[in-house]
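Scroll down for the structure; my scribbles are underneath it.
Please treat every number below as a calculation from the coordinates, not as lab data. All values reported here derive from a predicted model rather than from experimental measurement. We place every Cβ from the backbone using ideal geometry, glycine too, and count neighbours over all the protein chains shown.
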Amino acid sequence: RWAKVPTVVLIVQNETGWLNLCKLSSAAYLDIAPTDEPGVPWNRVVEHSDGLLLLTGGPDGPVDPLYVQGKVRDGDAALNEMFATFGDRMYVELQRHGLPTETQGERGLVAWAYENDVPLVATNDVHYAKASQAKSHDALLCIADGAFTGQEDRRRITGEHWFKTAAAMRELFADLPEACDTTLDIARRCAFLVTTRAPILPRFDTGAGRSEPDELAHQAREGLKVRLTEVVPAFPEEEYWARLEWEVGIIIQMGFPGYFLIVADFIKWAKNHDIPVGPGRGSGAGSLVAWALTITDLDPLRFGLLFERFLNPERVSMPDFDIDFCQERREEVITYVQQHYGKDRVAQIITFGTLQARAVLRDVGRVLQMPLGQVDRLAKMVPANPANPVTLAQAIDLEPRLREARDSEASVR
């Protein structure tokens, strides 16, 4: 019921392996239909196998289910095919979370490994850090799936999917100590550290034959002229012009004129298409050049904001404007940037969401099927502070009624 693309584990040995893993990872997400789960066909793995170690995948891999179903020949054939590609870079993966299918499949895996002199390796499918977090993780799965903890037909994992210590793993595999020893062999075979490099930005097409530094200086000067006609300057205009030339010089010196031009370009595009854009947030609001280019709408001189907090020649780092777009139309801006600068040159970084105290009480109360009135009463006890939301632990420390409910009501505890 909870079927997904079979998985194997690929571990980077060297730079070649890193580059191949990057290609496979990109293909898994880019070379599929929009509704498909990320994945690559086995022939792609074969094409990009150099520099990679292979673990056969455990219960979620392509081999274990074959042995569980009694298809020993098919399981052996799948392992033979993996071995033909990876040779001594292949490890037969064993997992023990107390699932019947793991025990059923293990006999075939061990037999093939011993027959073909391929090392076994013990692994644990980690979903949470500590054993004590099993119930919390189970509730989180229910929140994600819109299910209840008391529901039989739902996604669930065992209480053994935590980040086990070496001692716990050796105890679990006491009958196969070599499977734990193999993890050390794998670690010794991996000797690669990703090298850092300066950001590579797309080139900004000035359209007028100017270089990026000249274009930045031109747009900043023209923009400041317009700004100074729209507001009453907080200081003599000479101070604005001196600050502008100083900032332009630093931006050019640090090699970031293209970044300012690109950001200004898509912000102007958004404003021209009536997409609401925030006035400016974070240290970027301290830049007069950003104000002149309409990246921000705050006059930094009027508010005494410092450019050095955003860009400082003594502490070279990539500038980072915090920009707020209308939530309903932000995808239009992303699409414009992809089309204008090239989809292969635009990426979105991952973010990790967290549940705020009131939200987590309501969600957990729902999946535990607690009475709505009780959940609502508890949620309203959490101090409301939108500017600085409290965590659930802080709320319990601050609110005596929450502590009383925790101590006196079994369902809350």
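Structure notes:
- Volume in Å³ per residue [convex hull over Cα atoms, computed for region 34-112]: 116
- Estimated inter-spin distance, Lys4 and Glu238, nm [label 7 Å along Cα→Cβ]: 6.7
- Scattering curve values for region 212-341, log₁₀ I(q)/I(0), Debye with Cα scatterers, q = 0.23 Å⁻¹: -1.50
- In this rough spin-label picture, where each label sits 7 Å from Cα along the Cβ direction, the Ile32-Thr103 distance is 3.3 nm.
- Compared with the direct C-alpha span, the chain from His218 to Arg413 gains 63.8 nm at full extension, assuming 0.36 nm per residue.
- Phi angles of region 209-226 translate, via the Karplus equation with coefficients 6.51, -1.76, 1.60 and θ = phi - 60°, into HN-Hα couplings of x, 8, 6, 4, x, 5, 5, 4, 4, 5, 5, 5, 5, 5, x, 5, 4, 5 Hz per residue; Gly and Pro are given as x.
- If R0 is 30 Å, the Cβ-Cβ spacing of Lys71 and Asp153 corresponds to a FRET efficiency of close to 0.70.
- Of all stretches in the chain that contain no GluC sites (Glu not before Pro) in a DSSP loop with at most 12 other Cβ atoms within 10 Å, the longest one is 153-313.
- Alpha-carbon centroid distance for the pair region 136-169 / region 285-361, whole angstrom: 37
- Against the chain, whose longest principal axis is taken from its Cα atoms, helix 134-145 shows a tilt of about 60°.
- Only one item in (i) 68; (ii) 56; (iii) 60 matches percent of Cα pairs over 27 Å apart derived from the coordinates shown, and that item is (i).
- 0 to 90° range, to nearest 10: angle between helix 330-341 axis and the chain longest Cα axis: 80
- Where both bridge residues fall in the chain, DSSP classifies roughly 50% of the beta bridges as antiparallel.
- Using θ = phi - 60° and Karplus 6.51 cos²θ - 1.76 cosθ + 1.60, couplings along region 322-327 (whole Hz; Gly, Pro as x): 8, 10, 10, 10, 3, 4
- Folded to 0 to 90 degrees: helix 372-381 orientation relative to the chain principal axis, Cα: 50
- In region 329-413, chymotrypsin sites (Phe, Trp or Tyr not before Pro) in a DSSP loop with at most 10 other beta-carbon atoms within 10 Å: Phe352
- The Cβ shell under 13 Å around Leu368 holds other residues with a net charge of +1, Lys and Arg each +1, Asp and Glu each -1.
- Counting neighbouring Cβ atoms within 10 Å and putting the fewest first, the residues Met82, Met370 line up as Met370, Met82.
- Sites matching trypsin sites (Lys or Arg not before Pro) across region 158-267 that sit in DSSP coil, with at most 13 neighbouring C-beta atoms within 10 Å: Arg197, Arg203, Arg210
- Extending 7 Å from the Cα toward the beta-carbon at both Glu178 and Ser136 defines two label points whose distance is 4.0 nm.
- Candidates Gly58, Gly70, Gly223: whichever shows maximal mean-square fluctuation once the chain is modelled as a Gaussian network with Cα springs under 10 Å: Gly223
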